[in-house]
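Please read the structure below before turning to the comments.
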Amino acid sequence: MFIEPYHNQQNQKRAGWIEVVCGSMFSGKTEELIRRLNRAKIAKQKVEIFKPALDTRYHQENIVSHNSSTIRSTPIQASPEILLLSGDCDVVGIDEVQFFDSEIVEVVNKLANSGKRVIVAGLDMDFQGKPFGPMPVLMAVAEYITKVHAVCMVCGDVANYSYRKTAAQEQVMLGETDSYEARCRKCFHL
Ligand code: ADP
Ligand code: MG
C-alpha cells in the first residue's frame, strides 16, 4: 500500500511532488486515486480533480471506478486548463491521464513546482502492449510511482495488459468489459 509522503506543514515555501498510479484496465487505478484524494480531504486539504473530457463512459463529471466508488471532477479539453482551474488548492488529481498530449508533462511539473501534490492515474500500456501517450515521461518525472495489477480473466494470474476483444485497431477506443479484458503476459500473447 502507498504510504503518503511526510508533508512538513511548517515549511514556508513547501515543495510539491508528482505521484503516478499506473496499470492495465480494471487494475484499480481509479479506486486508488479516489482513496488518496479522499484521505487528503480528511486531512482538510483543498483538492481539485480533473479528467479528459473525452472520457464520459460513466458520467459527464464524476470519476467512477469499476467498483462504483465515485468523486466529483471537472472534465478538461486541453491540459493547460488545469493550471487555470487549480488555483490555490493543495492537491490536484487527474484520472485517465494517458489521453492527454505531451503538454500534460509541463502542466504537472508546473503544479508540483508551485508546491502542489499532484496525483495522476493512467494506463501505462495500450491494447497492443505499447506505452500509452505521455505515461512514460510522466513516470520519469514523478517522485513516486505505484503500479497496480488486475486479475487475468483467462487464468487468474496477475494481469498487467489490457486485451482488446474486438478487431478495432485505433489506439483510443472507449470501452469496458464488452471490448477489453485484463490479461497476464502469457495469456495476452495467446
Ligand atoms: P481502473 O481505473 O484501473 O480501470 P477501477 O479502479 O475502476 O480500475 O476498478 C477496479 C475494480 O474493478 C476492482 O476493485 C474490481 O471490483 C473490478 N474488476 C473487474 N474486473 C477485474 C479484473 N479482471 N481484475 C481486477 N479487478 C477487476
Ligand atoms: Mg480508471
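The values are calculated or read from the model by the stated rules, or taken from the named source; none is laboratory data. The structure displayed is predicted, hence computed values, not measured ones. Reconstructed Cβ throughout: ideal geometry from the backbone, glycine too, with neighbour counts over all protein chains shown. The protein model used for the area step is the full one, side chains on, heavy atoms only, and it has no ligands, DNA or RNA in it. Shrake-Rupley method; radii C 1.70, N 1.55, O 1.52, S 1.80 Å.
Springs between alpha-carbon atoms under 10 Å, Gaussian network over the chain: tell me which of 147, 165, 29 tops the mean-square fluctuations.
Comparing 147, 165, 29 in the GNM, the peak value goes to 165.
Solvent-accessible area per residue for the range 33-178 at a 1.4 Å probe radius, Å²? Let's see the in-between values first.
On the way: 7060 Å² over 146 residues.
Result: 48 Å² of accessible area for each residue.
Projecting each Cα onto the charge dipole of the chain (Lys/Arg +1, Asp/Glu -1 at the beta carbon, about the Cα centre), which of 108, 144, 20 comes out farthest on the positive side?
Most positive-ward Cα: 144.
Take the solvent-accessible surface of the protein heavy atoms, probe 1.4 Å, and return the percent of it on the chain that carbon and sulfur atoms account for.
It is 53 percent, rounded to a whole number.
Could you put 106, 4 in order of accessible surface area, largest first, with the 1.4 Å probe and the full protein assembly present?
Per-residue accessible area, sorted high to low, gives 106, 4.
Can you compute the helix-only [θ] at 222 nm over the chain? Use -39500 (n - 2.57) per DSSP H run of at least 4 residues, normalise by all residues, nearest 500 deg cm²/dmol.
Working: 5 runs with 42 residues, N = 190.
Using -39500 (n - 2.57) per qualifying helix, the result is -6000 deg cm²/dmol.
Quickly work out the residue 85-to-residue 102 label distance, labels modelled 7 Å from Cα along the C-beta direction, and quote it in nm with one decimal.
2.5 nm
Whole-Hz ³J(HN,Hα) for each residue in the range 123-136, computed from phi via Karplus 6.51 cos²θ - 1.76 cosθ + 1.60 with θ = phi - 60°, x for glycine and proline: what do you get?
Result, rounded to whole Hz: 6, 7, 10, 7, 5, 9, x, 9, x, 9, x, x, 4, x.
Could you pull the accessible area for residue 88 with a 1.4 Å probe, rounded to 10 Å²?
Counting only protein heavy atoms, residue 88 exposes about 110 Å² to solvent.
Computed over the Cα atoms of the chain, what is the ratio Rg over Rh, Rh following Kirkwood?
Here Rg/Rh amounts to 0.97.
Among 51/186; 51/116; 130/165; 46/147; 110/130, which pairs are too far apart, with a Cα-Cα distance over 22 Å?
51/186; 46/147; 110/130
Per residue of the range 34-48, in order, report the coupling 6.51 cos²θ - 1.76 cosθ + 1.60 (Karplus, θ = phi - 60°) as ³J(HN,Hα) in whole Hz, putting x for Gly and Pro.
5, 4, 5, 5, 5, 5, 4, 5, 4, 7, 6, 8, 8, 10, 10
Can you list the cysteines of the chain that have no other Cys Cβ under 4.7 Å away?
Those would be 22, 89, 155, 187, since no other cysteine Cβ in the chain comes under 4.7 Å of theirs.
Taking H as built 1.01 Å from N, whose amide H comes closer than 5 Å to the amide H of residue 159, not counting residues under 5 places away?
Residues meeting the criterion, in which the H sits 1.01 Å from N, are 150, 151, 152.
What do you reckon, how do 35, 164, 72 stack up by accessible area (1.4 Å probe), largest on top?
Ranking 35, 164, 72 by accessible area, largest first, yields 72, 35, 164.
What length, rounded to one decimal in nm, is gained on full extension from residue 158 through to residue 42, with 0.36 nm per residue of separation minus their alpha-carbon distance?
Gain on stretching residue 158 to residue 42: 38.6 nm.
Quick check: pseudo-label points 7 Å beyond the Cα along Cα→Cβ at residue 178 and residue 67, how many nm apart are they?
2.5 nm
Report the extension gain between residue 186 and residue 3 in nm, rounded to one decimal, defined as 0.36 nm multiplied by the number of residues separating them, less their alpha carbon distance.
Value of the extension gain: 62.7 nm.
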